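Undergrad: One structure follows; several queries about it will come next.
The values are calculated or read from the model by the stated rules, or taken from the named source; none is laboratory data. The structure displayed is predicted, hence computed values, not measured ones. Glycine also receives a Cβ, built like all others from the backbone with ideal geometry; neighbour counts cover every protein chain displayed. What goes into the accessible areas is simple: the full protein's heavy atoms, side chains included, and nothing from ligands, DNA or RNA. Shrake-Rupley method; radii C 1.70, N 1.55, O 1.52, S 1.80 Å.
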Amino acid sequence: AAGPRRAAGPAPPPPPPRGGAPGRGRDAAAVNFRRDAAPAITFSGPSVALPLPAGVQDRATWLVQLAAVVRALPQPVIAGQQVVIPVAGPRGDLAAWRFGAGAVEFDATPDGQPRALQRWHRPALRPRELDVQVWLDPARGQLPVRIRSEARPHGGATEWRLRAAEPG
């Protein structure tokens with residue numbers, strides 16, 4: 001995330017100046033994290049203000065927070081362990097995204113080397129919610145190497161795989 005680091009982990013960046021961010025369309029929706037004298041989450045669409053819980057992320061930054069929280073857990077992670085991340089959506093919603101650790105799964109790196117990955121799953125609990133699975137690589141600091149999201153019950157699935165990462 002491009003935002004500052006807080007005690008609860010990386011923080012999403014502050015909202016763009018009035019008038020919006022360059023290149024954003026008229027219909028773009030934004031989640032704004034206000035950390036001034038009256039901390040709150042506000043939205044570019046709905047006129048609602050929500051409390052600002054510790055560790056809160058938006059839909060663009062939750063993955064960074066998940067990796068950071070898992071990295072801070074006692075290792076090795078045990079199947080069934082849970083991590084909760086508050087996530088704010090652009091329609092004025094705030095939900096506790098609960099990820100459960102699955103069993104270690106084996107996969108191959110792009111160059112064919114075997115690796116053990118920890119799968120984390122956030123099931124969709126309501127219609128039109130995302131079912132998300134993330135595979136983190138414990139040998140690489142919990143780097144996310146695969147993500148699969150699916151809108152339930154009738155949406156298509158999208159999957160991303162890390163092909164290369166610069167050391168550092």
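Undergrad: Under 7 Å by Cβ, and 6 or more places apart or on different chains, what pairs join a residue from segment 76-92 that is under 22 Å from ASN32 (Cβ atoms) with one that is part of a loop (DSSP other than H, G, I, E, B) and not small (Gly, Ala, Ser)?
TA: Between residues of segment 76-92 that are under 22 Å from ASN32 (Cβ atoms) and residues that are part of a loop (DSSP other than H, G, I, E, B) and not small (Gly, Ala, Ser), the close pairs are PRO86/PRO53; PRO86/VAL56; VAL87/ARG59; ALA88/VAL56; GLY89/ARG59; ARG91/PRO46; GLY92/PRO46; GLY92/VAL48.
Undergrad: Moving on. Select the strands (runs of 3 or more DSSP E) contained entirely in segment 44-158, then report the ones holding at least 2 residues which are small (Gly, Ala, Ser). If you could, list the steps in order and put the result at the bottom.
TA: Values: elements: 82-89, 93-108, 114-122, 130-137, 143-151.
So the answer is 82-89, 93-108, 143-151.
Undergrad: Here is a further query. For segment 109-168, enumerate the residues that are open to solvent by 30 Å² or more (accessible area, probe 1.4 Å), in contact (Cβ under 8 Å) with a residue 40 or more places away in the chain and among the aromatic types (Phe, Trp, Tyr).
TA: Correct list: empty.
Undergrad: Let me ask another. Looking at ALA95, is it more than 24 Å from GLY156 (Cα to Cα), of a type in the set (Gly, Ala, Ser) and either crowded, with 17+ Cβ neighbours inside 10 Å or in contact with a Pro (Cβ under 9 Å, 6 or more places away or on another chain) (or both)? Working first, answer last.
TA: Values: more than 24 Å from GLY156 (Cα to Cα): no; of a type in the set (Gly, Ala, Ser): yes; either crowded, with 17+ Cβ neighbours inside 10 Å or in contact with a Pro (Cβ under 9 Å, 6 or more places away or on another chain) (or both): yes.
Answer is no for this residue.
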